[in-house]
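Participant: Could you have a look at this structure, given as structure tokens, before my questions?
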Amino acid sequence: MLMAISGLALAACAAPDDTRPDAQTEAQKAADSVEAPALGDLSWTKGAMVAAANPAAVEAGLEVMRNGGNAIDAAIAVHAVLGLVEPESSGLGGGAFMVYYDRAKDEITVFDGREVAPAAATPDYFVKDGKVMGFIEAWQSGHSVGVPGQVALYKTAHDAAGTGDWAANFAPAIRLAENGFKVGEKLHEALASERLRAVINLDDNPVTSAYFYPDGEPLPVGYVRTNPDYAATLKAIAAEGPSAFYKGEIAESIVAATNAAPDGGMMTLEDLSNYTVKVRPALCGTLPTGYRICSAPPPSSGGIAQNEIMGLYDAMKPADNVRVTEDYFLKIFVDAQRLAYADRDYYVADADKVTVPSDDLINPVYIRERAKQAFAPDGHATPGDPGVILGRSPMIGMWGQDQTEHAPGTTHVSIIDTDGNAVSMTATVESAFGSSRMTHGFLLNNQLTDFSRAPTAGGLPVANAPGSGKRPRSSMSPTLVFDEAGDLFMVTGSPGGNSIIAYVAKTLVGVLETGLTAQEAINLPNIIARGDTVAVEIDREGGPEAAEALRTMGYSVEERTGEISGLHVIVVRDDGLEGGADPRREGVAKALE
Ligand code: DON
């Protein structure tokens, strides 16, 4: 890690000299208004690739592309298989953010398929008998289930830009659900985990226990599991579109499962039929190095956090003529995270419902000043005030601080197709196996625990408190990077709860700043600097040394093992596509032959 990070000295770059408060916005506008570079011959010669968390899912994406589908068709096919083989992570009962690059149009679009709170939800949705529900109680309750967005996202994205046959995109998953898939180690281990079994209801509920614990035992590795209900659900969606899911019998069963004990929710059929995917512009920032980082805007904090971390990192880099130790680059990666996490924790929520200063937080003027606020290693990083720094009204004092918690349950898909279009999609049911409620072959999410369960803090409302029709804040960072010439350079993303931000930033620093390959960057130990402690993954090469170096610098270090990143990365090189898959999960990156 230290050696890798030391290479950053070579990439040090002068900070931009435009210090006007609106500089970023203007620079961005200028960049956006410049006509896209004439692509001339649009032919793409770099090939196509899929990187995702399961080999069968990757094959489904390649099959669809072989039959003429593009990156969006492949993403649907990949994800429909993931929902079957990796149900602990994501599925039809969950949601996703998809960032799509259309190369011919030189356009980036975000499809926000985030789950939505029922219309009846109020800020005290997680307050029971006058007390805020604990995380585990809330996780297994019906109040955690948001209206799923995944199926609507498939259709909205396909209508916008898919080139393959809608129904054909579900064929590989239907086949696998009918013929059976081989249970992998990750699913088996999740089902066998005593720690997880002690807190979730999967083996208590008759539907889930019959499916996941036949004969009372967790599905063994290699067991051929069929899921005819899932096949039937996909066939209905393939034939009728999302109305098969958001109306009628499946919708009724989603409502019934959500509103069942324990602590039934308040979902209605109208909540389901009213669900809409939000099609949003990507949140993009241009770094002084010329790279443009585009990711998901609020309600995800991914786009803000990735741009802020990379901007802060750049601002903290030494000038070319200043010599620093190798450890310095580790320190600035940690400090950049601490500052960005403090801002993200405080400000980011559903921008359709509350004011989120997205552009201000990634404004280079704010970032340069914020970089000077790096706290002492034993200090407590507090949020910055872009209002004050940019000469407007103060923003600190608007909100109370929220404390959202997470447990594993998400997946990331990176795809580039034969025309150079790209998809970066992170999909989730939130925690492992979502809310443990299953119907028609899929699990329902517990995404609403991504809200702050406490509606207020210190007498102030929390920005990310629940609300009617509100989307909970996410950390998902499906990211596309473009080079100085405006060409697609990198597709990245990961699961991991609020550590997603650190995991994905690691790949950006590794590839963009240090010149690592996709796989080398993924293999770096994970270092998560949120709050007062720096978590360092010590069961990876370089981890123990990084932990020791940070301790020596005065940081409070928590040594961790068993990190749950699931990074899937594609980098566009001169001679073709370079992929990487996270060894912490079961995925692969595979090129279309
Ligand atoms: O949207 C989010 O940020 C979370 N629901 C993601 C949860 C997650 O990544 C769990 N982990 N593997």
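The values are calculated or read from the model by the stated rules, or taken from the named source; none is laboratory data. Since this is a predicted model, take the numbers as computed values, not measurements. Positions of Cβ are backbone-derived with ideal geometry, glycine not excepted, and every protein chain shown enters the neighbour counts. Heads up: the accessible areas ignore ligands, DNA and RNA and are worked out on the full protein's heavy atoms, side chains in. Shrake-Rupley method; radii C 1.70, N 1.55, O 1.52, S 1.80 Å.
Participant: Does at least one position in region 111-122 carry a residue that is in the same structural domain as ASN446 (by TED's automatic domain parsing), over 18 Å from ARG471 (Cβ atoms) and within 16 Å of the ligand (Cβ to nearest atom)? Can you show your working first?
Facilitator: Here is the first cut: in region 111-122, the residues in the same structural domain as ASN446 (by TED's automatic domain parsing) are 111-122.
From what is left, the residues that are over 18 Å from ARG471 (Cβ atoms) are none.
Within region 111-122, none of the residues are in the same structural domain as ASN446 (by TED's automatic domain parsing), over 18 Å from ARG471 (Cβ atoms) and within 16 Å of the ligand (Cβ to nearest atom).
Participant: Among TYR341, TYR313, TYR275, TYR328, which is in contact with a Gly (Cβ under 9 Å, 6 or more places away or on another chain) and more than 16 Å from the ligand (Cβ to nearest atom)? Lay out the reasoning, then the answer.
Facilitator: On the way: TYR341 fails: more than 16 Å from the ligand (Cβ to nearest atom); TYR313 fails: in contact with a Gly (Cβ under 9 Å, 6 or more places away or on another chain); TYR328 fails: in contact with a Gly (Cβ under 9 Å, 6 or more places away or on another chain).
On inspection, the qualifying residue turns out to be TYR275.
Participant: Among the residues of region 296-340, what is the count of those that are among the acidic types (Asp, Glu) and modelled with pLDDT of 95 or more? Break it down stepwise before answering.
Facilitator: Step one: list which residues in region 296-340 are among the acidic types (Asp, Glu), which gives 308, 314, 320, 326-327, 335.
Filter once more, so that each one left must be modelled with pLDDT of 95 or more: 308, 314, 335.
Final tally of qualifying residues: 3.
Participant: So GLY400 fits all but one of (1) over 29 Å from HIS79 (Cβ atoms); (2) within 25 Å of the chain's Cα centre (by Cα); (3) at pLDDT 95 or above; (4) not hydroxyl-bearing (Ser, Thr, Tyr); what number is the exception?
Facilitator: Answer for GLY400: the failing condition is (3).
Participant: For THR122, are the conditions met, namely being hydroxyl-bearing (Ser, Thr, Tyr) and more than 30 Å from GLY459 (Cα to Cα)?
Facilitator: Details: hydroxyl-bearing (Ser, Thr, Tyr): yes; more than 30 Å from GLY459 (Cα to Cα): no.
So THR122 fails the test.
Participant: Restricting to region 120-137, name every residue that is touching a residue at least 12 places away in the same chain (Cβ under 8 Å) and either touching a Ser or Thr at 6+ places or on another chain (Cβ under 7 Å) or part of a loop (DSSP other than H, G, I, E, B) (or both).
Facilitator: Here is the first cut: in region 120-137, the residues touching a residue at least 12 places away in the same chain (Cβ under 8 Å) are 120-128, 132-133, 135-137.
Correct list: ALA120, ALA121, THR122, PRO123, ASP124, TYR125, PHE126, MET133, PHE135.
Residue by residue, here is whether (1) within 25 Å of ASP102 (Cα to Cα); (2) open to solvent by 60 Å² or more (accessible area, probe 1.4 Å) holds:
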site	(1), (2)
PRO228	no, yes
ALA231	no, no
ALA238	yes, no
GLY241	yes, no
ASN274	no, yes
ARG280	yes, no
TYR291	yes, no
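Participant: Let me ask another. List the strands (runs of 3 or more DSSP E) inside region 510-593, counting only whole elements, that have at least 3 residues being open to solvent by less than 60 Å² (accessible area, probe 1.4 Å) and not aliphatic (A, V, I, L, M). Write out each step before concluding.
Facilitator: Values: elements: 527-530, 533-537, 556-560, 568-573, 576-581, 588-591.
Hits in region 510-593: 576-581.
Yes/no per residue for (1) basic (Lys, Arg); (2) part of a helix (DSSP H, G or I); (3) under 13 Å from the mean Cα position of the chain (by Cα); (4) within 16 Å of the ligand (Cβ to nearest atom):
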position	(1), (2), (3), (4)
PHE433	no, no, no, yes
THR449	no, yes, no, yes
ASN464	no, no, no, yes
ARG471	yes, no, no, yes
ALA485	no, no, no, no
PHE489	no, no, no, no
PRO495	no, no, yes, yes
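Let's see how each residue does on (1) under 21 Å from the mean Cα position of the chain (by Cα); (2) small (Gly, Ala, Ser):
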| site | (1), (2) |
| --- | --- |
| ALA282 | yes, yes |
| PRO288 | no, no |
| ARG292 | yes, no |
| GLN306 | yes, no |
| GLN337 | yes, no |
| TYR347 | yes, no |
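Participant: Among the candidates ALA231, ALA244, ALA173, single out the residue that is in contact with a helix residue (DSSP H, G or I) (Cβ under 8 Å, 6 or more places away or on another chain), free of Cβ contacts under 8 Å to residues at least 12 places away in the same chain and in the same structural domain as MET267 (by TED's automatic domain parsing).
Facilitator: Details: ALA231 fails: free of Cβ contacts under 8 Å to residues at least 12 places away in the same chain; ALA173 fails: free of Cβ contacts under 8 Å to residues at least 12 places away in the same chain.
Unique residue meeting the criteria: ALA244.
Participant: Just name the residue that is nearest to the chain's Cα centre (by Cα) out of those in region 407-431 that are of a type in the set (Gly, Ala, Ser) and more than 8 Å from the ligand (Cβ to nearest atom). Step through it out loud before you land on a result.
Facilitator: So the first thing to find is which residues in region 407-431 are of a type in the set (Gly, Ala, Ser), and the list is 407, 409, 414, 420, 422, 424, 427, 431.
Keeping just the survivors that are more than 8 Å from the ligand (Cβ to nearest atom) gives 414, 420, 422, 424, 427.
Values: SER414: 12, GLY420: 22, ALA422: 16, SER424: 9, ALA427: 7 Å.
Only one residue tops the list, namely ALA427.
Participant: Something else now. For a quick check of your reading of the model, give me the residue pairs whose first member lies in region 493-514 and is within 14 Å of SER301 (Cα to Cα), whose second is part of a helix (DSSP H, G or I) and aromatic (Phe, Trp, Tyr), with beta-carbon atoms closer than 8 Å and at least 6 apart or on different chains.
Facilitator: So the pair list comes out as SER494/TYR503; GLY496/TYR503; ASN498/TYR341; ILE501/TYR341; ALA505/PHE333.
Participant: Working carefully through the options GLU217, GLU185, GLU240, find the one that is within 26 Å of the chain's Cα centre (by Cα) and among the charged types (D, E, K, R). It would help to see each step written out before you state the result.
Facilitator: On the way: GLU217 fails: within 26 Å of the chain's Cα centre (by Cα); GLU240 fails: within 26 Å of the chain's Cα centre (by Cα).
Step by step, each of GLU217, GLU185, GLU240 is checked, and only GLU185 is within 26 Å of the chain's Cα centre (by Cα) and among the charged types (D, E, K, R).
Participant: So, one more: Does any residue of region 91-105 turn out to be farther than 21 Å from TYR246 by Cα and among the acidic types (Asp, Glu)? Lay out the reasoning, then the answer.
Facilitator: The first filter runs over region 91-105 and keeps only residues farther than 21 Å from TYR246 by Cα, leaving 99-105.
When the remaining residues are screened for being among the acidic types (Asp, Glu), the result is 102.
Yes, the conditions are met somewhere in region 91-105.
Participant: Just give me the residues in region 376-395 being touching a residue at least 40 places away in the same chain (Cβ under 8 Å) and closer than 19 Å to ASP532 by Cβ, in sequence order.
Facilitator: Once the filter is applied, which keeps residues that are touching a residue at least 40 places away in the same chain (Cβ under 8 Å) and closer than 19 Å to ASP532 by Cβ, region 376-395 yields ALA376, PRO377, ASP378, HIS380, ALA381, THR382, PRO383, GLY384.
Participant: So, one more: I'm trying to understand the selection: among the residues of region 472-495, which are closer than 26 Å to SER144 by Cβ and open to solvent by 10 Å² or more (accessible area, probe 1.4 Å)? It would help to see each step written out before you state the result.
Facilitator: First, the residues of region 472-495 that are closer than 26 Å to SER144 by Cβ: 472-478, 493-495.
Selection gives nothing.
Participant: Still on this structure, please answer the following. Is it true that some residue in region 158-179 is of a type in the set (Phe, Trp, Tyr) and outside any helix (DSSP H, G or I)?
Facilitator: Looking only at region 158-179, we keep the residues that are of a type in the set (Phe, Trp, Tyr), and these are 166, 170.
Applying the additional criterion that residues be outside any helix (DSSP H, G or I) yields 166.
Yes, region 158-179 contains a residue that is of a type in the set (Phe, Trp, Tyr) and outside any helix (DSSP H, G or I).
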